[in-house]
1. Return, for the Cα atoms of segment 35-115, the radius of gyration and Dmax in Å, separated by a comma.
2. Give, rounded to the nearest 20 debye, the magnitude of the charge dipole that the chain has about its Cα centre when Lys and Arg contribute +1 at Cβ and Asp and Glu contribute -1 at Cβ.
3. Grab the beta carbon distance between residue 19 and residue 115, set R0 = 30 Å, and tell me the FRET efficiency rounded to 0.05.
4. Taking a probe of 1.4 angstrom, what is the accessible area of residue 84 in Å², to the nearest 10?
5. Return the carbon/sulfur percentage of the accessible area of the chain, one whole number, probe 1.4 Å, all protein chains in place.
6. What number, rounded to the nearest 500 deg cm²/dmol, is the helix-based mean residue ellipticity at 222 nm of the chain, given -39500 (n - 2.57) per DSSP H run of at least four residues and division by all its residues?
7. Can you give the accessible area per residue of the chain, in Å², using a 1.4 Å probe?
Amino acid sequence: MIKKLNPNYLKRLLNNECDITIYQEGLSEEGEPLTSLDLNDQKCRFVEKTKIIISPDGKKVELIGKVILLGEIAPNIKKISGGEVIINDSKYEIYQASRPRNPDGTVYMTTLELM
């Protein structure tokens, strides 16, 4: 039998503060990205692990690590495709995001891969 994952297990691992900005598609009149979500002082787990991948365009991308957040951080955004994360006064770009789900369809955690 599949049980719903317990969020209390992940809560004890959230030991960092981070600021997250998620961009939407398009640019403003000044040429800056449009912000669709801005979260400050979120509790997260930051895992530093360097990994080099080849993107679909054929470019070499170096992933610095990932940020794990409890639950759904952006329920109104269907696809998180870009943004910034600030952890310990260091700024990282979001490469991709994933949202694993519980058997009942709720989001267990949000994972942001950073470059």
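The values are calculated or read from the model by the stated rules, or taken from the named source; none is laboratory data. If you're wondering where the values come from, they're calculated on a predicted model, not measured in any experiment. Cβ atoms come from the backbone with ideal geometry, glycine included; neighbour counts cover every protein chain shown. Please note that ligands, DNA and RNA were not included when accessible areas were found on the heavy atoms of the full protein model with its side chains. Shrake-Rupley method; radii C 1.70, N 1.55, O 1.52, S 1.80 Å.
1. Both quantities, over Cα of segment 35-115: 13.2, 38 Å.
2. The dipole magnitude comes to about 980 debye.
3. 0.95
4. Counting only protein heavy atoms, the figure is 50 Å².
5. The nonpolar share, carbon plus sulfur, comes to 47 percent.
6. -1000 deg cm²/dmol
7. 68
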